[in-house]
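In what follows, a structure is listed as structure tokens, so that the remarks can point back to it.
The values are calculated or read from the model by the stated rules, or taken from the named source; none is laboratory data. These numbers come from a predicted model, not from an experiment. Positions of Cβ are backbone-derived with ideal geometry, glycine not excepted, and every protein chain shown enters the neighbour counts.
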């Protein structure tokens, strides 16, 4: 239970400041790992507040450390920072100043919320333990968390539990939505290459057309998931390339896409069948194939104890009637699970229902009215887990 005497909600002045930071960050969206202006903006605030931070993780990642007044456990919060390669059509005075780039997923809002939490906890650190804030680049590409861990983040800044969140305009405004267990899907990128025999289009019988073979393979893949009834299993071929001339059969065709699932055995089943179909089709044509898979992100798993913490805190701030737990798992990917090492006891990723158009649309602009309760939510999680 909450026993701390520090304020458990951020004040109105800090809320307004956070909205200002959010709008300034919205003006300077950056992509993938190249978040130099974003990093500089956050570091300048941290220096002004005299708050400890560390660099060198995932190129432009930042790790903030806030110590409590007594020794105790260490918990971490993940905050994504990158934007999308989209034109900003929000129509606001704080619209993107970077051509072809916009914060159309709301990561500017995530940073503002988290910065408000950092400033509040630094002023009211009446808890036992330590809080780590993981400002992460390249969430949209699913590579940032993995890169930060590879650069030694966990070795240098260990923690025992992890929390993360995302704004969700498609959900009911003023709600917190969270589920136990798998909450976002695992994803893999696949690349297929089919090699045949090139030649003139007037003599196709003297050629081996890799485009025909690739099309038949892709069509065969569409039937793999039909027999999987109770588990998520998605194979989406998203590109098919081959040839440059209108009258020449090429030597090679390329296809690629994503595979999504929750359970590892489902992934094994899909991979095996994809290989088998490609092998049979290429044997028929006399072609040769190569099929490669690369993990995009693992499934995000919400553990019971830590999900219970999120639910308890959400009920206090949002009201029990606005905490939704019968949420279907999302097939979309989320790379936060890369931060969950084998030494982390558990984690929880939850969704905040907000107003506005859906994310990943050019007209999207983050809903600043959610900042107060969202930031207070993270503060409550800290004091719930690290109360004296």
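Okay, here's what the table says:
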read-out: Members of the stretch 338-352 that are more than 13 Å from residue 76 (Cβ to Cβ) and touching a strand residue (DSSP E or B) at 6+ places or on another chain (Cβ under 8 Å); value: 350, 351, 352
read-out: Those residues of the stretch 326-352 which are in contact with a helix residue (DSSP H, G or I) (Cβ under 7 Å, 6 or more places away or on another chain) and either outside the structural domain of residue 82 (by TED's automatic domain parsing) or in a loop (DSSP other than H, G, I, E, B) (or both), in sequence order; value: 341
read-out: Among (1) farther than 25 Å from residue 348 by Cα; (2) in a loop (DSSP other than H, G, I, E, B), the one test that residue 105 misses; value: (1)
read-out: Residue list for the stretch 240-263, restricted to those being more than 18 Å from residue 277 (Cα to Cα), under 27 Å from the mean Cα position of the chain (by Cα) and not in a loop (DSSP other than H, G, I, E, B); value: 260, 261
read-out: Among residues of the stretch 151-178, those that are closer than 20 Å to residue 54 by Cα and either in a strand (DSSP E or B) or in contact (Cβ under 8 Å) with a residue 40 or more places away in the chain (or both), counted; value: 13
read-out: Among the candidates 95, 147, 122, residue that is in contact with a strand residue (DSSP E or B) (Cβ under 9 Å, 6 or more places away or on another chain), surrounded by fewer than 24 Cβ atoms within 10 Å (Cβ to Cβ) and closer than 15 Å to residue 35 by Cβ; value: 147
read-out: Residue that is in a strand (DSSP E or B) and surrounded by fewer than 16 Cβ atoms within 10 Å (Cβ to Cβ), where the choices are 305, 280, 294, 321; value: 294
read-out: Tally of residues being part of a helix (DSSP H, G or I), in contact (Cβ under 8 Å) with a residue 40 or more places away in the chain and over 24 Å from residue 328 (Cβ atoms) across the stretch 179-230; value: 10
read-out: Count - residues of the stretch 231-253 that are free of Cβ contacts under 8 Å to residues at least 60 places away in the same chain and surrounded by 15 or more Cβ atoms within 10 Å (Cβ to Cβ); value: 10
read-out: Residue match in the stretch 141-164 (condition: over 19 Å from residue 58 (Cβ atoms), over 16 Å from the mean Cα position of the chain (by Cα) and assigned by TED's automatic domain parsing to the domain that holds residue 378); value: yes
read-out: Given (1) under 22 Å from the mean Cα position of the chain (by Cα); (2) in a strand (DSSP E or B); (3) without any contact (Cβ under 8 Å) to a residue 60 or more places away in the chain, number of the condition residue 71 does not satisfy; value: (1)
read-out: Sole residue being touching a helix residue (DSSP H, G or I) at 6+ places or on another chain (Cβ under 9 Å) and either surrounded by 14 or more Cβ atoms within 10 Å (Cβ to Cβ) or within 27 Å of residue 295 (Cβ to Cβ) (or both), chosen from 152, 256, 199, 185; value: 199
read-out: Where residue 221 falls short, out of the listed (1) in the same structural domain as residue 310 (by TED's automatic domain parsing); (2) in contact with a helix residue (DSSP H, G or I) (Cβ under 9 Å, 6 or more places away or on another chain); (3) closer than 30 Å to residue 241 by Cα; (4) buried (at least 18 other Cβ atoms within 10 Å of the Cβ); value: (1)
read-out: Test set (1) surrounded by fewer than 17 Cβ atoms within 10 Å (Cβ to Cβ); (2) modelled with pLDDT of 95 or more; (3) more than 27 Å from the chain's Cα centre (by Cα) - residue 226 fails condition number; value: (2)
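Let's see how each residue does on (1) within 27 Å of residue 379 (Cα to Cα); (2) in contact with a strand residue (DSSP E or B) (Cβ under 8 Å, 6 or more places away or on another chain); (3) in a loop (DSSP other than H, G, I, E, B); (4) free of Cβ contacts under 8 Å to residues at least 24 places away in the same chain:
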{"residue": "21", "(1), (2), (3), (4)": "yes, no, no, no"}
{"residue": "29", "(1), (2), (3), (4)": "yes, yes, yes, no"}
{"residue": "32", "(1), (2), (3), (4)": "no, no, yes, no"}
{"residue": "41", "(1), (2), (3), (4)": "yes, no, no, yes"}
{"residue": "53", "(1), (2), (3), (4)": "yes, yes, no, yes"}
{"residue": "56", "(1), (2), (3), (4)": "yes, no, no, no"}
{"residue": "79", "(1), (2), (3), (4)": "yes, yes, no, no"}
{"residue": "87", "(1), (2), (3), (4)": "no, yes, yes, no"}
{"residue": "91", "(1), (2), (3), (4)": "no, no, yes, no"}
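Residue-wise test of (1) assigned by TED's automatic domain parsing to the domain that holds residue 326; (2) touching a strand residue (DSSP E or B) at 6+ places or on another chain (Cβ under 8 Å); (3) closer than 26 Å to residue 75 by Cβ.
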| site | (1), (2), (3) |
| --- | --- |
| 269 | no, yes, no |
| 275 | no, yes, no |
| 278 | no, yes, no |
| 282 | no, yes, no |
| 285 | no, yes, no |
| 292 | no, yes, no |
| 303 | yes, yes, yes |
| 313 | yes, no, yes |
